[in-house]
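Encoded as structure tokens, the structure appears first; notes follow it.
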Amino acid sequence: MKMNTDTTNLDKNIELHHESVEEIMGTPPASMVRVGSGILLLVILGLFMGSLFITLPDMVKVHASLQGEFPLSTQTSPETGRLVKIFRHVDNLVEKGDTILCVENKFCEIIAVLSEDSGILELNPLLNVINFIQKNDTVAIIWRKETESIACIVLLSPEQGKNVKEGNKIRLNVDKYPSEQYGTIESYITSISNFSSGREIQAIAVLPSKIITSHQHEITLKGKNYASAEIITDEKTLFNRLINPFRGLIKK
């Protein structure tokens with residue numbers, strides 16, 4: 001029994017850490033420090049260089065309608081004034097020169113808005129709720145009778161419309177063709193029509209009748225379709241996004 005006690009005491013008296021061992025463990029080799037510092041520096045430089053080239057887009061997310069017709073022309077008001085009369089046409093078919101509506105200007109003159117093309121007339125729905133329009137307001141769109149291309153129509157709020165311009169890229173996820181399987185469709189905004197009521201701004205992009213998606217699927221859109229859309233209004237590098245808040249502070 002005494003021998004076991006001595007053995008236990010002996011184990012307790014064993015010195016687990018020697019001075020030379022502590023020196024090795026407490027001081028990492030210089031080569032390891034240099035290699036670690038070099039790797040860290042390379043990582044930081046890589047992140048910095050990447051921030052100069054990696055771009056992050058600003059985008060507006062909206063809903064879009066796709067129609068199997070291509071607009072021939074956008075009809076605008078030649079004068080500012082009171083909306084006097086809207087002319088109705090059988091099946092919304094108009095010939096070039098037909099009267100679409102009349103506006104009374106500030107001189108009490110009646111000005112007629114005439115169709116610039118022959119085709120299918122689509123009046124701006126806002127004409128049903130207002131009676132005063134400004135010069136160059138969009139009052140109607142005339143569409144081709146034959147299906148040649150697909151028109152993508154997006155309605156934007158005034159706040160969204162401030163950032164959207166002609167030439168902006170638009171990415172579409174068509175409801176009937178889920179992007180997970182078929183991919184997305186890309187095009188560009190070709191025209192923007194402003195309406196002075198401040199309620200809606202209309203942006204239009206044109207697609208071919210046969211479309212190749214980002215997943216290389218060929219799809220054909222017939223009739224009217226709907227899609228969720230992302231309009232890319234700007235692309236800035238990660239570096240610019242990081243320093244922009246500091247620029248604002250410096251200007252203040």
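Any read-out appearing in this document is the output of simple, stated calculations on the displayed coordinates, not a laboratory observation. Quantities reported herein were computed from a predicted structural model and do not represent experimental measurements. FYI the Cβ positions are ideal-geometry reconstructions off the backbone, even for glycines, and counts take in every protein chain you see.
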task = Rounded, prolate or oblate: pick one for segment 92-141, where a ≥ b ≥ c are the square roots of the eigenvalues of its C-alpha gyration tensor, a/c under 1.5 means rounded, and failing that, prolate if a/b is larger than b/c, else oblate.
result = oblate
ask   = Which links in Lys135/Lys162; Lys96/Lys162; Lys85/Lys224; Lys85/Lys135 stretch past 24 Å when you go from one Cα to the other?
value = Lys96/Lys162; Lys85/Lys224
request  = Note down the magnitude of the dipole of segment 73-143 about its Cα centre, charges +1 on Lys and Arg C-beta and -1 on Asp and Glu C-beta and zero elsewhere, to the nearest 20 debye.
outcome  = 260
remark   = Percent relative contact order for segment 73-143, counting Cα pairs under 8 Å at least six residues apart, stands at 44
